[in-house]
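Here is the structure we will look at.
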Amino acid sequence: MGIVLSNIIAIYRRELQSYFVSPLAYAIAGIFWLIAGLFFVMILLGPDGILVGVAAIDAQGQQLGVPVPPIDVPYEFVRAFLDRMGWLLLFILPILSMGLYAEERKRGTLELLATSPITNWAVALGKLLGVLTFFTTMVVPMLVFEAIAISGSNPPMALSIPLLGHFGLILLAAAILSVGMFISSLTDSTILSAVFTFAVILLLLLIDLIAKIVPGPLGEAIGYLSLLKHYNTLIQGIFDTSALILFASYIFLGIFLTAQSIDALRFQRQ
């Protein structure tokens, strides 16, 4: 067990270091911060933002002499921002995951990994943890800005709501990256890997729409596979074990299929 853990840590450190020395990774992080920052400002301060909307509702209520029900501005802001962030992952994460194995194939180092004594499960898990850690470092600055924005709320916002929402964001990212890792193990083209990952994740995000067309228990079963449906549950501050099970299932499935893909390559080489 200790040897397996040390192998996972070695792969994890190798993968994480490769992102911190990659110009492409820094470019992706810069684009992510730029777009996320625009979402942040527009949701909070834009013409159709939350603060402008609340002020307009208050003014209308005063003019009509009608009491206005209280609006939980911090909650609505965090929920709306994390909703946009979830859609942003659809475009960012396929680029992050496209080289996890495709680059190894291109450089000819995948055969070395496939025939090494390190298990394919350890390699896949180490790679997934590495790219997920890099993504988490991309999210941390936005979390700081959110904390500053909601720090002045009165009454103060319960920390469980944004923490659960961001936990859901990390789970969504892990599920997408796990699927992307498997697709990356099937090809030596990073472009194809990114395109197919984008297509598959888009289908998994929108599968709830397909489920509404299919009647009966089959439609309900298909709808349960929707990443977006369960992600929305978490960012609303609702702790749902079924959402955790679904994300864990996607993560496990991605690692399992990746390990099987590399096992097939190892068998071919033998």
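Just a few scattered comments:
- Segment 124-218 shape via C-alpha gyration tensor axes, a/c threshold 1.5: oblate
- Applying D = kT/(6 pi eta Rh) to the chain, where Rh is the Kirkwood radius over alpha-carbon pairs, T corresponds to 20 °C and eta to 1.002 mPa s, the Stokes-Einstein value obtained is 105 µm²/s.
- Structure-based [θ]222 nm, the chain - -39500 (n - 2.57) summed over DSSP H runs of at least 4, per residue, nearest 500: -28500 deg cm²/dmol
- For segment 162-270, the solvent-accessible area works out to 47 Å² per residue, with a probe of 1.4 Å and every protein chain left in place.
- Annotation: extensible slack from ILE31 through LEU88 equals 19.5 nm (criterion: 0.36 nm per residue apart, minus Cα-Cα distance).
- Whole-Å distance, taken between Cα centres, linking segment 146-185 and segment 212-249: 17 Å
- For segment 1-106, dividing the convex hull volume of the Cα atoms by the residue count gives 134 Å³ per residue.
- Estimated inter-spin distance, ILE71 and VAL195, nm [label 7 Å along Cα→Cβ]: 4.4 nm
- Axial C-alpha extent at least 24 Å, average Kyte-Doolittle at least 0.0 - helices from the chain (DSSP): 2-20, 23-45, 73-97, 120-150, 160-184, 190-213, 241-269
- Candidate lysines for bridging to LYS229, where Cα separation is under 20 Å - those fewer than 8 sequence places away on the same chain excluded: LYS212
- Projected label distance in nm at SER6 and LYS212, using a 7 Å step from Cα toward the beta-carbon: 5.5 nm
- Label-point separation, ILE57 to ILE245 (7 Å along Cα→Cβ), nm: 3.5 nm
The values are calculated or read from the model by the stated rules, or taken from the named source; none is laboratory data. As the structure is a computational prediction, the values presented were derived from the model and not from experiment. No Cβ is skipped: glycine too gets one built from the backbone with ideal geometry, and neighbour counts run over all protein chains shown. We work out accessible area using only protein heavy atoms, side chains counted, and drop any ligands, DNA or RNA first. Shrake-Rupley method; radii C 1.70, N 1.55, O 1.52, S 1.80 Å.
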